[in-house]
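Here's the structure we're looking at; comments come further down.
Read-outs throughout are calculated quantities, based only on the coordinates presented, and are distinct from any laboratory measurement. Remember, it's a predicted structure, so these values are computed and weren't measured experimentally. Heads up, the Cβs are rebuilt from the backbone with ideal geometry, glycines too, and the neighbour counts pull from every protein chain shown.
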Amino acid sequence: MMALIENFDILGVHVAVTNLQFTCQLIEQWIRERRKTYICISPVSTIVDCQGDAEYRKIINNAGMATPDGMPLVWIGRLRGKKNIRRTYGPELLLTFCQLSQANGYRHYFYGGDPQTNSQLIERLKNCLPGIRIVGNFAPPFIGVGELEQDDVLRRINDAQPDVLWVGLGSPKQDYWMHHHRDKLNVPVMVGVGAAFDFIAGTKPQAPVWMRRSGLEWFFRLCCEPHRLWKRYLIGNTKFIVYLIRDMFKRTTVSYD
C-alpha cells in the first residue's frame, strides 16, 4: 500500500510532515517500485532561497519529498498541529538508512564532496557498517549551480545500478543537480544530503546533539566557518523571520476581508 505524504506550506514551499522512520520507509517503498524520484533535505536557507527564485521553488515542490532539516521548520509544523513531524536531518538519514539497508542488500552510490572527504566517507561507512553494499563513488570537480554533469559520469552511475544515490553538493546546487539529471539516471531514489559527507567523514566538525535539538546548530556552523556561512545564517535567518512576519500579516488581512 502506497504511503501518503502529508505536506504543509511554508512561504510557498511544500514541507513534508515526516520523521526519520517514515522517510526511510518511503525510500524502501520507492526502491521496491523502482520509482524515479528525489528527496530534498530542506533547511531554513532553502525556504529563503525559494522566495527569490521561482525555478528553485518549483524544483523543491516537485521533489518526492522535502524534509524539514532545521528546527524552525519543525516548530512551525507543530504550531500548525503536525504532531508527527520531526527534524529529518541529512547525516542522520544517511546513516540510519545505510544501517537498515544492510539486511536488505540495498546498493549505494555516493556522489559529491572533494576526493579526500569522499574517500574518508566510504572508509568510515565500511568500518561502521560491514554489511553495506557500496557500488560506487565519485568526487566531482567544481560544478556550478544548474550545470549539467558529463555523460560519462552519468553512465558510470547507471552502470553501477545503485538503489540510492546520495548527493553531497550542498544546497541549492544538489537540488538543481538532482532535478536536472533525474530523467538521465536509472537509480530509483536520489537524496541530497548537504554537508553529511563532511560530518560523517570527519573533515568538518558536527554540532553537539543538544545544539542540533535546540535549533542552535546554525550558530555552531557559523562559528566554524564564518567567512563561508555568515550570509546564509545572519542575513538568511533575518530574511526568514521578515518573510514569516510579512506572511502572517498578509494572512491576517485576508481573513478580515
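The figures follow:
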read-out: Charge dipole (the chain, unit charges on Cβ, about Cα centre) - positive-most of 222, 166, 76; value: 76
read-out: Highest-MSF residue in the chain out of 52, 215, 146 [GNM, Cα springs under 10 Å]; value: 52
read-out: Antiparallel content of DSSP bridges confined to the chain, in %, to 5; value: 15 percent
read-out: Separation of the residue 96 and residue 246 label points, Cα + 7 Å toward Cβ, nm; value: 3.4 nm
read-out: Net +/- balance of residues flanking residue 19 in space, Cβ distance below 13 Å, scoring K and R +1, D and E -1; value: +2
read-out: The chain: relative contact order as a whole-number percent, Cα under 8 Å and 6+ apart; value: 22 percent
read-out: Net lengthening on full extension, residue 34/residue 21 (0.36 nm per residue, minus Cα-Cα); value: 2.7 nm
read-out: Per-peptide average of other Cβ atoms within 10 Å, ordering 38-49, 180-191, 228-239 highest first; value: 38-49, 180-191, 228-239
read-out: Neighbour-count order for 227, 179, 108, 14, fewest beta carbons within 10 angstrom listed first; value: 227, 14, 179, 108
read-out: Charge dipole magnitude, Cβ of K and R +1, D and E -1 - region 89-214, Cα centre, debye nearest 20; value: 380 debye
read-out: Extension reserve of the residue 7-residue 235 stretch, reckoned as 0.36 nm per residue once the Cα distance is removed; value: 79.4 nm
read-out: Full-extension gain in nm, residue 84 to residue 103, via 0.36 nm per residue minus C-alpha separation; value: 4.2 nm
read-out: Total formal charge among the other residues, if their Cβ is under 14 angstrom from that of residue 6, Lys/Arg +1 and Asp/Glu -1; value: +4
